[in-house]
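This report concerns only the one structure given below.
The values are calculated or read from the model by the stated rules, or taken from the named source; none is laboratory data. Model, not experiment: these values are computed from the prediction. Cβ atoms come from the backbone with ideal geometry, glycine included; neighbour counts cover every protein chain shown.
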Amino acid sequence: MDLSWFSSYLQGQSHDAWKHFGAHFKKNDKGEEGIEFLLYAPLAQKVNLTGDFNGWSIYGSEMTKIDPQGLYYAFIKGANEYQSYKYHILGCDGLWRDKADPFAFFAELRPSSASRTFNIEGMIFHDEDYLKTRDRMFDKPMSIYEMHLGSWLGMVDGRFLSYEEIAPKLIDYIKANGFTTVEIMPITQYPYDGSWGYQATGYFAVDSRYGNPKQLMSFVDRLHVAGIGVILDFVAVHFATDKFGLERFDGSCMYEYSGDNEWSQWGTKNFDLGKDPVRSFLISSMCYFLEYFHFDGIRMDAVSNVIYWGGNCQRGINQGGVDFVKRATWTVHNFYPSAMMIAEDSTAYGAVTKGFTQEGLGFDYKWDLGWMNDTLRYYKKDPIYKPYHQNLFNFSMAYFYSENFILPLSHDEVVHMKGTILNKMWGDYDQKFALARNLYAYQFAHPGKKLNFMGNELATFDEWNEKKSLAWELKKFPKHDSFSRMFRDLNLIYRAHKAMFIEEYNPNRFSWIMADNSSQSVYAFTREARGEGMVFLFNMTPVCYQSYRIGVPYEGDYDEIFNSDKDVYSGWGQYNGARIHADKIPMHGMPYSIEVKLASFGACYFLHVGDVEWKADELEGKKALALKEGKKKPLNPKARKRAVKKALKKA
């Protein structure tokens with residue numbers, strides 16, 4: 001047997017360890033068909049293979065140690081698919097343990113805990129065209145629908161719907177509501193429903209609640225064919241302590257830290273990210289799902305607990321964790337250059353989304369949890385006190401360009417007695433809805449990709465519960481149905497207007513018009529792309545203005561393309577129906593201004609009618625002409641302006 005690959009695993013350099021470890025359908029030297037088992041257990045004294053194929057005898061199939069560094073091998077002739085098995089391990093501490101296979105591709109449905117043999121080869125995909133054009137979405141709109149598969153539609157007749165049953169219903173819903181991407185909460189095998197997948201035991205086995213690996217492959221494939229991206233939530237920090245799992249696997253702390261850092265704040269075991277074999281294990285798991293399932297990206301959970309010991313910056317940087325992350329992001333981008341790496345990080349650690357030359361961690365995106373916390377705090381406040389807390393609304397733009405941010409309103413905000421997004425809003429029933437409409441209009445208007453947890457679009461009053469379906473019956477009520485329509489319209493407007501997503505991480509594309517109007521708590525900003533300019537206006541109080549003048553950067557006309565107070569959204573109908581002409585009245589530092597109607601807790605989007613000649617475009621055009629002007633007679637102002645426009649059209 002060729003073991004040349006094993007050294008890379010031991011050195012933390014392996015990205016495809018699943019090709020070797022686990023249970024693989026093979027033929028032995030005699031040409032007999034069966035399953036080949038390979039296990040890494042460096043400090044084990046002895047390993048027996050037990051399962052359906054030998055009547056679960058703990059002595060019947062002793063594995064052969066084929067490498068002194070801890071490789072154990074067995075070939076079971078005639079073994080079949082879907083047979084259950086475990087490893088019976090005599091650890092270095094003299095205790096016998098029955099362990100599931102860390103590299104198993106499939107597992108029994110909880111509460112059973114054995115691994116199951118499964119042939120992952122031979123899946124036929126249909127998403128070639130999608131993958132050819134896939135990229136990391138930097139200059140494309142990305143509105144992510146975060147979901148928990150089991151509770152989206154709930155159980156039917158006491159069973160979970162399969163990946164394949166969920167797919168067509170999900171596709172129809174995502175397309176009808178304008179989302180671009182689905183992010184599924186962890187589906188690596190986990191025993192406890194209430195952990196939502198964040199306390200896993202199997203890192204290569206897909207969640208058997210919803211079916212087998214090929215059914216998950218089909219799920220992703222079908223979404224891709226429909227043009228929908230799929231991101232996998234992944235837990236690289238800690239693992240569940242169930243006795244059949246990774247804990248004390250060979251009698252030693254093989255996967256976990258020993259000493260003070262062994263236990264996490266969640267009562268689980270922390271992966272020892274300084275150990276090279278552990279790095280190979282986790283990186284291979286990520287790459288396995290990208291390779292075999294065609295996921296479009298990995299969202300790494302709890303990155304703060306990777307960067308800092310216990311997630312506490314006062315305890316210092318975990319250099320082993322930082323090195324692991326850099327290796328993981330580099331490996332994924334090297335082998336899967338169109339796949340995204342996303343960090344859920346609540347710290348102020350610098351350069352999370354910067355490259356390695358800038359001492360960065362190499363992620364493509366980072367969740368802006370600061371924006372989430374500040375924004376929700378602001379929307380909770382009585383309007384009387386908002387003038388004293390305007391920094392909660394505008395502070396995000398002071399640091400926004402330090403990272404590539406995603407704006408998340410995720411599952412974490414609607415559980416554990418925190419209240420739903422709607423419940424967090426200040427005011428009575430109608431005011432809560434008005435503020436929630438304002439909030440989502442602000443989220444979509446703000447630079448950065450968008451993420452919302454399932455149910456946000458329904459304006460639910462009940463917190464999410466993994467045991468129940470979403471409250472789809474709310475769609476029967478006009479207030480909730482119209483809210484859902486607004487959510488769809490925001491997605492469609494976001495996707496239709498390049499000013500809302502092109503070069504959104506370029507600070508020249510955003511300008512405050514009004515950021516410090518504390519007396520009225522009204523805010524305005526503009527966003528631009530070549531040829532398109534938009535103005536966004538937000539009223540954070542119950543005061544309705546029949547006439548409100550706001551500065552704008554361009555002359556000409558403006559169309560109101562969104563107003564959160566429209567009656568179709570169950571608002572009070574205070575919106576601007578006709579085209580608005582800009583007056584040459586300077587205001588708020590802008591050369592022009594428009595007079596608009598501004599509803600109580602209203603949010604408005606105004607689109608400039610006609611092309612926008614953008615200042616940065618002028619600079620780029622002038623640079624493009626610099627060489628020519630160095631060799632020729634300088635152009636007169638009119639000719640120069642024509643030449644700038646010509647150069648931009650070519651660009």
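Things worth noting here:
- Check on residue 523, closer than 23 Å to residue 586 by Cβ, among the aromatic types (Phe, Trp, Tyr) and modelled with pLDDT under 95: no
- Of residues in the range 122-151 being among the charged types (D, E, K, R) and under 18 Å from residue 163 (Cα atoms), the one surrounded by the fewest Cβ atoms within 10 Å (Cβ to Cβ): 127
- Test: residue in the range 244-260 that is surrounded by fewer than 23 Cβ atoms within 10 Å (Cβ to Cβ), outside any loop (DSSP other than H, G, I, E, B) and touching a residue at least 40 places away in the same chain (Cβ under 8 Å): no
- Flag if residue 450 is within 28 Å of residue 503 (Cβ to Cβ), among the basic types (Lys, Arg) and not in a loop (DSSP other than H, G, I, E, B): yes
- For residue 504: the one exception among (1) surrounded by 17 or more Cβ atoms within 10 Å (Cβ to Cβ); (2) at pLDDT 95 or above: (2)
- Within the range 519-558, the set of residues being surrounded by 21 or more Cβ atoms within 10 Å (Cβ to Cβ), among the aliphatic types (A, V, I, L, M) and not in a strand (DSSP E or B) comprises 540 only.
- Within the range 320-354, tally of residues that are of a type in the set (Lys, Arg) and either assigned to a loop (DSSP other than H, G, I, E, B) or closer than 27 Å to residue 440 by Cβ (or both): 1
- Residue match in the range 152-171 (condition: in contact (Cβ under 8 Å) with a residue 60 or more places away in the chain, touching an Asp or Glu at 6+ places or on another chain (Cβ under 9 Å) and buried (at least 20 other Cβ atoms within 10 Å of the Cβ)): no
- Number of positions in the range 45-60 that are touching a Phe, Trp or Tyr at 6+ places or on another chain (Cβ under 8 Å) and part of a strand (DSSP E or B): 5
- Residue check, residue 70 among the small types (Gly, Ala, Ser) and touching a strand residue (DSSP E or B) at 6+ places or on another chain (Cβ under 6 Å): yes
- Residue in the range 33-44 that is more than 15 Å from residue 97 (Cα to Cα) and over 40 Å from the mean Cα position of the chain (by Cα) present: yes
- Flag for residue 227 being touching a Ser or Thr at 6+ places or on another chain (Cβ under 9 Å), at pLDDT 95 or above, surrounded by fewer than 20 Cβ atoms within 10 Å (Cβ to Cβ) and more than 30 Å from residue 83 (Cβ to Cβ): yes
- Considering residues of the range 261-315 that are assigned to a loop (DSSP other than H, G, I, E, B) and β-branched (Val, Ile, Thr) only, the residue surrounded by the fewest Cβ atoms within 10 Å (Cβ to Cβ): 268
- Out of 42, 102, sole residue that is surrounded by 23 or more Cβ atoms within 10 Å (Cβ to Cβ) and either modelled with pLDDT under 95 or not in a strand (DSSP E or B) (or both): 102
- Among the residues of the range 355-366, those that are part of a loop (DSSP other than H, G, I, E, B) and either on the phi > 0 side of the Ramachandran plot or at pLDDT 90 or above (or both) comprise 359, 360, 361, 362, 363, 364.
- Top-ranked residue of the range 272-305 - restricted to ones that are β-branched (Val, Ile, Thr) and out of contact with any Phe, Trp or Tyr (no Cβ under 7 Å at 6 or more places or on another chain), ranked as modelled with the lowest pLDDT: 303
- Evaluating residue 335 against the criteria (1) aromatic (Phe, Trp, Tyr); (2) surrounded by fewer than 16 Cβ atoms within 10 Å (Cβ to Cβ); (3) in contact with a Ser or Thr (Cβ under 9 Å, 6 or more places away or on another chain); (4) touching a residue at least 40 places away in the same chain (Cβ under 8 Å) leaves one unmet condition, (3).
- Every pair of residues 6+ apart whose Cβ atoms lie under 8 Å, when the first sits in the range 56-79 and is over 17 Å from residue 22 (Cβ atoms) and free of Cβ contacts under 8 Å to residues at least 24 places away in the same chain while the second is part of a strand (DSSP E or B) and of a type in the set (Lys, Arg): 62/46
- Screening the range 224-243 for residues that are without any contact (Cβ under 8 Å) to a residue 60 or more places away in the chain and in contact with a helix residue (DSSP H, G or I) (Cβ under 6 Å, 6 or more places away or on another chain) and picking the one that is nearest to residue 42 (Cα to Cα) gives 228.
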